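A.B. asks: One structure follows; several queries about it will come next.
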């Protein structure tokens, strides 16, 4: 409707511009980035079209995996200055995420972990960087096999303490705050 006429910008970018004495008249100006610019609308459209081509050729994917950046990764935390948090350094966060997603994709493709076909679809519009990965298995999953193959459970701490810690720390959220100070997301009494 009239969204294209409004001069809008995310708060964090406006705050940065004000703190660095940027020219406020430049904000909200229409800029069209080409498909060669990673993360641009046109670039993402090409990824979407590629994914739909795979779907037309191979059918629906068997697995949909979301890989999300963890702002507490040691590679990110080590590069922050005292007093900084990961959201202060988008460049570091994005660079580390890109290295990790490349490593994951290399491992999946090289070792044929899931089969032959997989494509990454990066999603960076909101929140932390993340990627959606579509996987086509060589041996297709049948509907009656789903519950035998895909499940969610918390690993037994006595059997696999490392995996248990990873799941508890990274894959469970809430309740938190005053009602649960022990929640993994709580740092100095705040979520």
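Readers should treat all values here as calculations from the given coordinates under stated rules, not as data from a laboratory. All values derive from a computational prediction rather than experimental measurement. Here Cβ is always computed from backbone atoms with ideal geometry, including for glycine, and neighbour counts include all displayed protein chains.
A.B. asks: Provide 72, 190, 100 in ascending order of the number of other Cβ atoms located within 10 Å of each residue's Cβ, fewest first. Could the numbers behind the result be given before it?
C.D. replies: Values: 72 12, 190 8, 100 17.
Placing the least packed residue first, the sequence is 190, 72, 100.
A.B. asks: I've got another one for you. Per 10 Å bin, what is the whole-percent P(r) computed from every C-alpha pair distance within region 39-151?
C.D. replies: Here the calculated profile for region 39-151 is 12, 36, 31, 16, 4, 0.
A.B. asks: Hey, fewest Cβ within 10 Å first, where do 160, 144 land in order? Can you show the working numbers first?
C.D. replies: Working: 160 12, 144 7.
So the ranking, lowest neighbour count to highest, is 144, 160.
A.B. asks: Continuing with this model, one more query. Hey, fewest Cβ within 10 Å first, where do 164, 57 land in order? Intermediate results must be reported in sequence, preceding the final value.
C.D. replies: Working: 164 15, 57 9.
Ordered by Cβ neighbours within 10 Å, fewest first: 57, 164.
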